[in-house]
1. Return one number: the angle in degrees, 0 to 90 and rounded to the nearest 10, between the long axis of the Cα atoms of helix 34-50 and the longest principal axis of the Cα atoms of the chain.
2. So, by mean Cβ neighbours within 10 angstrom, what's the order for 565-576, 121-132 with the highest one leading?
3. For the chain, what size does the Cα cloud have along each of its three principal axes, sorted from largest down, in whole Å?
4. Test of understanding: what is the full-extension gain from GLU328 to MET490, defined as 0.36 nm times their sequence separation minus their Cα-Cα distance?
5. Sticking to Cα atoms, compute the Rg of the range 177-291 to one decimal and its Dmax as the biggest Cα-Cα distance, whole number, in Å.
6. Going by C-beta contacts inside 10 Å, put LEU226, LEU430 in order with the fewest on the left.
7. Need the full-extension length gain, SER629 to GLU98, defined as separation in residues times 0.36 nm minus the C-alpha distance. One decimal, nm.
8. Kirkwood hydrodynamic radius for the range 526-670: how many Å is it when counted over pairs of different Cα atoms?
Amino acid sequence: MTKESETKRIGELRAAIEYHNRLYYREDAPEITDAEYDSLMRELLSLEERHPELATEDSPTTRVGAPPLEKFSPAPHRLPMLSLENAMTEEEIIDFDERTKRFLAITGETELSYVCEPKMDGLAVELVYENGSFARGSTRGDGLVGEDVTLNLKTVRSIPLRLFAQEPPRLFEVRGEVYLPIKAFQRLNSERSDEGEAPFANPRNAAAGSLRQLDSRITARRPLSLFCYGPGQVDGREFSSQSDFLDVAASWGLPVNPLIRKVSGVKGILDFYGEMIAARDSLDYEIDGVVVKIDSYALQKELGEKSRSPRWAIAFKFPPRQAFTVVEDIVPQVGRTGAVTPVAHLRPVEVSGVMVSRATLHNWEELGKKDIRIGDTVLVERAGDVIPAVVKSLPEKRTGSERPVSAPSVCPECGSEIVKIPGEVAVRCLGLSCPAQIRESIIHFSSRNGMDIEGLGEKFIEQLLRLGLVKDVADIFSLTREDFMRFDRMGEKLAENLLNAIDNCKERELSRFVFALGIRHVGEHTARILASAFGSIENLMKATEGELLSLREIGPQVAGSIINFFHNPRNVEVVRRLTELGVRPVAALKRVGGRFTGKTFVFTGALSRFSRDEARRLVEAEGGHAAGSVSSKTDFVVAGADAGSKLEKARKLGIRVMNEDEFLEILQGDQQ
Ligand code: IVH
């Protein structure tokens, strides 16, 4: 290639990568596979290496991180980053509305227009775009001066490195909240436990810890995300209102929370607040309230600011997700990888609507460091549907009868020796046939996110083990009606259903199968990457470390774990038997450009025209996704007879609901 054509190719590659980035991270509707994306990135990296003079600050290759800094430089904000006044009750919102009207001398029936936004529980940052190019980014700091975290912010894939604007303003400062999605938080914490690092207490701390890394290559491995919520200094463009600002920002490619809504008066605010409380548990990120802003920028200007917070906005906070309770016991629990972790049994306590009676203590070292004892009064915290965690103990409440606990030396389930592997924080049971490990790995295999064998839950799996009918996951597929009929309280119909469910799972998507195998460090996300890169279990089993490492998001630890797993003859034998017994996982049928590309469906209630499995396949064959629960990400809910809480939630969230016939119509028809 000539230099000229290489320069052109670099331009094409950058545009293509950013385009696919946007589809993947913002619209959740990729048009190419991860492997194809990786190959574009590799081509660009190698061209830029050959022509360092053509490397630019806004090239997507800068998203992989840069060598560590010694310290962050101070970053003064052109306009101070203010904080918000809090309201905890309806009365305080009514007060706010009245106060605002009085200040603006608005009388009578006139209602104010507000923009209501979910209050993200992350950390505030400022992004500076110069002539449409991302130039700098900083943390809030004390509001006047923050820290320059430009390199770290560049690794956040949802932040565009160039604005999609025909004529971008000379200067565009935008503020937003960086957060770590709850799933990513869980994954990160389990990795940290495995690696002997202290887990983060909540997603907010994890986001802050990830963004404030001097080594941006570490930040690049954390899937941070961001929602923009307001302007800083802008030169070369006017905005008339908050809703105008958000619309324009979104059209320029900046991520804006789709739940944001313009409402009228106190009633509008209260309705939005109620909906967000209801949606809170199903969101993929933590919110701790609702931010209410006067929509008109002219009115905002008139209202002005107090010393630290504006008069035109207020944070309507949710009740805290923390509560105090007492640790009744600390019990060792054996997981499917043999890790033995302490679990706190708590005096049941309600934490924002959910009864909590157990909490994870992560590992024994952590337990010692936090000095949590049986009998202690502790603070527990719940985030999304994550297992609650003990934040801290309150030593001042001790009476002297509290008892510290340390790691057991033998497995509580099989009596085998427990060892601490050097370099790991976890202690592990080495028992090769430890019943707890076998039980947990079968539960994992059959679980909703694994092979999803409907009806085959913990209780039945325990009976299968007790009767000696299964010793590993492959045995599930040779079970007979007679085997099930040996269970306590088992009927013909139920046995039949279980056998059908087992049969039905044989052709699950490959990514589920890979996840279900329970390979250490391979969660759902990684399993999806592996499935799309290798296309079959046979190919994955043959993968070399180099091939694995060439995939985006697969590091040495995950690659090593996969290689180890398939080096173990017992695992290879189980996979071989599974195949022999008819388990033929299929590579996802995702059709790019299908009728449902990027759309998420939830099926609920009793379906009569098709089974849930068929429904899922129909949706996936058209490029869509079938989810198990309703959230703000759901596009359609298909409701059969007697649909219950999912349907109710869909209605609350304003999601389009249809019956089975309507679903079949849009599946076959021309309209969507
Ligand atoms: S507006 C002057 N909008 O909450 C306006 N803040 O307590 C100040 N936050 O520092 C911020 N979501 O970190 C605004 N939709 C949202 C927000 C939001 C989260 C955070 C932000 C801010 C803090 C103020």
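1. Long axis of 34-50 versus the principal axis of the chain: about 60 degrees.
2. Working: 565-576: 14.0, 121-132: 21.0.
Result, highest mean first: 121-132, 565-576.
3. Principal extents (Cα only, largest first): 78, 77, 60 Å.
4. Numbers: separation 162, 0.36 × 162 = 58.32 nm, distance 3.57 nm.
Computed gain between GLU328 and MET490 is 54.7 nm.
5. Using the Cα atoms of the range 177-291, the pair Rg, Dmax is 17.2, 52 Å.
6. Details: LEU226 24, LEU430 13.
Fewest to most other Cβ atoms nearby, the residues stand as LEU430, LEU226.
7. Values: separation 531, 0.36 × 531 = 191.16 nm, distance 3.92 nm.
Separation in residues times 0.36 nm, less the Cα-Cα distance, equals 187.2 nm.
8. Values: mean 1/r = 0.0566 Å⁻¹.
Evaluated over the range 526-670, this radius sits at 17.7 Å.
The numbers here are math on the coordinates, done by the rules we state, and not lab data. What you see is a predicted model, and the numbers here were worked out from it, not measured in a lab. Because the Cβ atoms are built from the backbone with ideal geometry, glycine has one as well, and the counts that use them run over all protein chains shown.
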